Structure formats: structure tokens, C-alpha cells
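Let me begin by presenting the structure, written as C-alpha cells, before commenting on it.
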Amino acid sequence: MQYLLLINDDEAHWGEMPEDERNAIYGEYMQYTQELQSSGVLVGANQLQPGSTATVVSIEGGKTITTDGPFAETKEVLGGYYLIDVGTLDEALEWAAKIPSARYGHIEVRPVVMREAEVAS
Amino acid sequence: MQDAFVRAAERWPRDGAPANPGAWIVTTARNAAIDRIRRERTLARKTELLARAEELPADQEATIPDERLELIFACCHPALAPEAQVALTLSLVGGLETPEIAHAFLVPESTLAQRLVRAKRKIRDAGIPLRVPAEHLLPERLRLVLATIYLVFNAGYGPPVRRELCGEAIRLAAVLATLMPDEAEVHGLHALLLLQDARRDARVSPTGELVLLGDQDRGLWDADEITQGRRALERALSLRLSGPYQLQAAIASLHFEAPTDWAQIALLYGRLAELSPSPVVELNRAVAVTMADGPEQGLQIVDGLTGLERYHLWHSTRAELLNRLGRSEEAKAAYSRALGLAPSETERTFLLGRLEAARDQ
């Protein structure tokens, strides 16, 4: 099953961090990604640019509305994601807990809709 | 459950030390001869649930005991909301019908039904595994399972009492004890539930009033269950890994002795406070200390507790202690405060009685 691990961070917290601390965390991320890769479970991953770079698009009354983002007015903002392929939710949760940002923010673990034949409801 | 110990100290006969204290359970004893039917229902549901999962073992008969354990852990998975964990466990493991569960938890049947549907859907859609958690996850996950079972028991404990829930919780604990014989806290919980349940017929008067432990008819205590409970406790202790449920069971067991070893109980509450600190545990320790060393010592502890201003038993305990120390005006004020915060009619009636008695002094 594929799971999307959505990384939610407090950007202000990142900004206030001393540079060497930030670099240490980036190092951890590289190591983590490497681990995912060697385990064969990594499908994809990306760090996203800060929330301030976001633009929001929606259609209202037939018109396209474009505004400065991000969409959610929360302290924690989506900062990146990992897409992994594992057997159960427990495995996905274990990987999620190892993400460095889990210590500073939170990780949302979402199963991906599979288009192959699923057991019927 | 801990409330009961506090309540035990609320009655001090003017003429001396109280008789055997302890907890109380009320019930309309009902023999569930539906065990067999439930087992069959459970198996049918389990099969249904497993059929929906991706990892379905081909031959089920050979692995039925294992599947029960897997089912329990799946039902109590942290990805499910606590209410869903309880409902699912009762439904799939306990074999209770939706209306029964809904009634027991005082929610509309449709709400409960929806809760179950959503939970099962989540198990399937999010890929919650139907297996016993890995070694390193087990302690935390087991804690959840035990908490769920205890929640079921307490929901049935009341007041008001729903006997079938208590019975169900004990059954679940027993199943868990056979499936995980080397887990001390599993036996600890099993012991605790049995020992508490043993008082079920003595707990409430025919008119529905709480019967203080000191006033309970010992003949109504289920001696068989006390024996079973103590056996489970011994099994737990033999595994040499202490835990909160074992400590609570040990305390419950001591309460069946006459005369009560309050000093030992106070000690056990002290250990319990170390393992799972909470103001309520401290409150119970204060009660035990009072019984062992006197009301001044007890009041010292009680007055030192913070965060219990909205807890009726904190006020009622203070009231009893103040009463005992001859500070009757303060005692009456505390009783009134407790009365205002009491959560049930049974409690209110009891506290009203205490307030009246204090007024008459």
C-alpha cells in the first residue's frame, strides 16, 4: 500500500534556528531518505518551498480566483512529503516517526487510493 | 474505581475506626447464558472482517486463537479514535450487538452504528494490520488494549451499573490472559477486574443507595471471584514486572482483609503514584494515610493537591477530614461544594446525607 507522509512544520521555528542546527537536521533528512531508498520503500519525495511562495486557485461562480497562499491559516505549514510503499499502516507510521520534522511539527500519514482491484466494501 | 477508596474514608463512625473499607459495585445480577451465542457471532463477524482485509490467512481454523489476539490489537489500534476502539472491541471481540453497546454507552444506536462502520472502513482503507504488533511497539499497544478493556469495565461499573459490560470486560481480560500469559499487567488487569466485581452484589442497597464498604454485607461478596482474582494477581506478581494494574489489584485484595492493613495500602498507593502519577491516586493515598496515621496527616496531603477544585470527591474527602478534626464549619462548606459538583443522583443522595449529619453535630 502506498502512503503519503505529509510533513507539517512551524516555519517561524525553522527561521529562528541557528544555521548549524538547521544543517544538522538537513543531514538527518539526507540520511533518512537514504534509508528509505535502501529499504526499497521510497516511491518519491520532495521538499516544498516555503508557504509564502504558495498561490491558491479556486473557481467561484465560473470565475477563476487566484490569491496569495498558503491555503490553511495555520502555524504549521506543509513543508514536504514522502511517498512510500509498505505493507501496513504500522510500517508507514514507523517511517513517519523517523522523519526529523516529527520532533518539531507533525506528520500526517494518508493512504493513497489504489486503482487496482480492492476488496469490495 | 479509585473513587470508592476515597468514599470509604467519608464515613467515620463516631464511635471508632471504620470496619472493612473498599470499593463497591452495584448490579442486577444477570446470568449471561448467551456466551456460546456470542462466541459464534464473534467468529462470524471476525470472518467477515478478515474477509475484507487484504491479508487473509487461507485456513482460519488452525489459527483461531492467534486471530483473536490480532483482532484485539486491530480494534485497539491508535489510528482509531478511542470511542471507536471501545465500540469495535465490544462488537468484534465481545460479540455484543450494536443496540446493546449503544445502550451501554448511552448514545443513539445510529451514532454507534456509524462509528462501527467508519472504524471498520478505516481499518480497511488505512491498512491497519490484523496482527500482533512488533516487539518494540508491543508495550505501548498493549497499554491501549488494557486501557480499552478497563474503560469497558468502568463504563459498566457506574453508577449506574450495566452488568453486561463488567462481565464482558472480565471475559476480554481472561481471553487476553490466556493469549498473553507472560504479560504481568494483563494478569494484573484481570485480577483487578475480578476483585472489584467480587463486591457487585453488596454495593448498592435495594433502594438504590450506595453502600459504604464498612456497611457492606461480606456474605454478599463473591468469594469465588476473590479467589480467582487473587490467583490472577499471584500469576502477575510471579512474572516480576510491576505495573499500575497489579498495584491496584493488590490494593483491592488488601481491602478484603480484616482488619485492613492501611499502612500497606498507603505504601502501594505511593508506588502507584510513582508509576502513574495523578492527583486522584494521591487522594487515595491520603485516605489510606489518614486511616493509618490520622486525619492531620491525611489533610496535609489533600490540601497539597492541585487541580482538583472541580472534583467532588476531593471536596468530600476534605469535608470528612475537617469534620474529623472538629472544624465543622469548614467541613459543611466543603460538603456543599462537593454536592454542587456531584455527577450522579446516587452520589448526591450520599453527600446530602453526609451534609445533614455534619449539620446535626
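Nothing in this text is a laboratory measurement; each read-out follows from the coordinates by a stated rule. Worth saying up front: this structure is predicted, and the values here are computed from it rather than measured. Every residue, glycine among them, receives a Cβ derived from its backbone with ideal geometry; neighbour counts consider all protein chains shown.
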Requested in this report: Looking only at region B:136-144, decide whether some residue is within 22 Å of the chain's Cα centre (by Cα) and more than 20 Å from A:GLU91 (Cβ to Cβ).
Outcome: yes
Query raised in the report: Which residues, taken from region B:102-127, are within 13 Å of chain A (Cβ to nearest Cβ), surrounded by 20 or more Cβ atoms within 10 Å (Cβ to Cβ) and under 15 Å from B:PRO82 (Cα atoms)?
Result: B:LYS120, B:ILE123
Query - Residue list for region A:81-94, restricted to those being buried (at least 17 other Cβ atoms within 10 Å of the Cβ) and within 13 Å of another protein chain (Cβ to nearest Cβ) - result: A:ILE84, A:VAL86, A:THR88, A:LEU89, A:ASP90, A:GLU91, A:ALA92, A:LEU93
Report task. Determine which single condition A:GLU21 fails, assuming it passes every other condition in (1) over 13 Å from the mean Cα position of the chain (by Cα); (2) away from chain B (no Cβ under 14 Å); (3) surrounded by 14 or more Cβ atoms within 10 Å (Cβ to Cβ). Result -> (3)
Report task. Would you be able to say whether some residue in region B:83-101 is closer than 25 Å to A:GLU91 by Cα and within 14 Å of another protein chain (Cβ to nearest Cβ)? Result -> no
Report summary line: All conditions in (1) of a type in the set (A, V, I, L, M, F, W, C); (2) touching a residue at least 24 places away in the same chain (Cβ under 8 Å); (3) more than 11 Å from chain B (Cβ to nearest Cβ); (4) in a strand (DSSP E or B) are true of A:ILE59 except (2)
Requested in this report: Report yes if some residue within region B:156-175 is closer than 18 Å to B:LEU80 by Cβ, away from every other protein chain (no Cβ under 14 Å) and crowded, with 20+ Cβ neighbours inside 10 Å; otherwise report no.
Outcome: yes
Report task. Examine region B:225-245 for a residue that is farther than 21 Å from B:ARG171 by Cα and acidic (Asp, Glu), and state whether such a residue exists. Result -> no
Report summary line: Taking region B:264-311 and keeping only residues that are surrounded by fewer than 17 Cβ atoms within 10 Å (Cβ to Cβ), not in a helix (DSSP H, G or I) and not hydroxyl-bearing (Ser, Thr, Tyr), one is left with B:PRO277, B:GLY294, B:GLY307, B:GLU309, B:ARG310
Query raised in the report: Picking from B:ALA177, B:ALA169, which residue would you name as being free of Cβ contacts under 8 Å to residues at least 60 places away in the same chain, closer than 20 Å to B:GLY243 by Cα and in contact with a His (Cβ under 6 Å, 6 or more places away or on another chain)?
Result: B:ALA177
